[in-house]
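Worksheet for the structure shown next.
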Amino acid sequence: YLEDHVVRRGEQAFVLLNDFPYNSGHVLVAPYRHVATLAALTAAERQEVMDLLVQAQDVLTKVMRPQGFNVGFNVGEAAGAGVKDHIHGHVVPRWNGDTNFMPVLGGPRVVPEALDDTARILREAFAAI
């Protein structure tokens, strides 16, 4: 199931759609290796994670034309990290007038595009870069 939503693979890390997105196009960037903190990443892993975060933002800009982004990491359970001991970055497209980030965390949202459709579109866009 997870494999269905991977949209880009690198040597050290990959990009996948969040199965519980805050907004349409919400992707995660994660290293293949399971580590709990950014400091535990190798230099090569850190570099590729950052490169993929930038590529994801570029692809989402071209495909979805958001007016802004939330980009960041939730490190540790208290910060909202949902996958224990597996650091990952979020890239969340934002539009003027969409739901504020904090209320989205408090309850369910309806995302207007099926994840499989978004995955297909983003795979095609990543392949073009």
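The alpha carbon gyration tensor of the range 27-92 gives principal lengths a ≥ b ≥ c with a/c of 1.5 or higher and a/b no greater than b/c, which makes the shape oblate. For Arg8, the residues whose amide H sits under 5 Å from its own are Val15, ignoring neighbours fewer than 5 places away on the same chain, with H placed 1.01 Å from N.
A DSSP coil position with no more than 16 other Cβ atoms inside 10 Å describes the following chymotrypsin sites (Phe, Trp or Tyr not before Pro) in the range 1-67: Tyr1, Tyr32. Residue order by solvent-accessible surface for Phe73, Phe126, Phe20 is Phe20, Phe73, Phe126, largest first, with ligands and nucleic acids left out and a 1.4 Å probe.
The values are calculated or read from the model by the stated rules, or taken from the named source; none is laboratory data. All of these numbers come straight from a predicted model, not from anything done at the bench. Neighbour counts run over all protein chains shown; Cβ positions are idealised from the backbone, glycine included. We work out accessible area using only protein heavy atoms, side chains counted, and drop any ligands, DNA or RNA first. Shrake-Rupley method; radii C 1.70, N 1.55, O 1.52, S 1.80 Å.
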